[in-house]
1. Report, by residue number, each residue of the range 59-117 that is within 15 Å of GLY48 (Cα to Cα), surrounded by fewer than 12 Cβ atoms within 10 Å (Cβ to Cβ) and small (Gly, Ala, Ser).
2. Hey, can you tell me all the residues within the range 35-67 that are aromatic (Phe, Trp, Tyr) and more than 16 Å from VAL20 (Cα to Cα)?
3. Tell me the residue from PRO27, PRO37, PRO12 that is surrounded by fewer than 14 Cβ atoms within 10 Å (Cβ to Cβ), closer than 26 Å to ALA112 by Cβ and over 11 Å from the mean Cα position of the chain (by Cα), please.
4. From the residues in the range 45-58 that are in contact with a strand residue (DSSP E or B) (Cβ under 9 Å, 6 or more places away or on another chain) and surrounded by fewer than 18 Cβ atoms within 10 Å (Cβ to Cβ), which one is modelled with the lowest pLDDT?
5. Can you spot a residue in the range 100-111 that is under 20 Å from GLY30 (Cα atoms), in contact with a Gly (Cβ under 9 Å, 6 or more places away or on another chain) and not aliphatic (A, V, I, L, M)?
6. Which one is modelled with the lowest pLDDT, of the residues in the range 5-42 that are of a type in the set (Gly, Ala, Ser) and more than 14 Å from VAL102 (Cβ to Cβ)?
7. Output the residue which, of all residues in the range 66-122 that are among the acidic types (Asp, Glu) and modelled with pLDDT of 95 or more, is farthest from VAL42 (Cα to Cα).
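The values are calculated or read from the model by the stated rules, or taken from the named source; none is laboratory data. Source: prediction; values computed, not measured. Here the Cβ is made from the backbone with ideal geometry for all residues, glycine too, and neighbour counts use every protein chain on show.
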Amino acid sequence: MPMRNVNDEDFPALLKSGIVFVDWWAPWCGPCRVFGPIFERVADKNPGVVFAKVNAEEYPDLAVSFGIRAIPTLMIFREGILVFSQAGAMPEEVLHALAGRVRDLDMEQVRAKLAAHARMEN
């Protein structure tokens, strides 16, 4: 699936796209330049998964709203729910494994855990 560059206007709709991998990056970031081609190769090998890049320097308010403190940061959403977040570049095989694990998630169980957590906070 082709890589998508995302801005603050189309980001909310993007999260409703099923499984979404988001690479938060900046052009001056050395590790981001290393991770970028890896992210693109994994995107090409995972049809049905949306791979998006957000330039944190161009959209700082969006980055702050998602708590981005380091780049690159990978976030993975499924059905609009954040299911993974980690700063730092990752090897290609780890990204492939993550794609499989996110596909295999039982989202009913994820939603139940989120609801239980929310009840505990109230």
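1. Correct list: GLY100 only.
2. Within the range 35-67, the first condition is being aromatic (Phe, Trp, Tyr), and the residues that meet it are 35, 39, 51, 59, 66.
Residues satisfying the conditions are PHE35, TYR59.
3. Values: PRO27 fails: closer than 26 Å to ALA112 by Cβ; PRO37 fails: closer than 26 Å to ALA112 by Cβ.
Answer to the selection: PRO12.
4. The selected residue is GLY48.
5. So far as the range 100-111 goes, no, none of its residues is under 20 Å from GLY30 (Cα atoms), in contact with a Gly (Cβ under 9 Å, 6 or more places away or on another chain) and not aliphatic (A, V, I, L, M).
6. Result: ALA13.
7. GLU93
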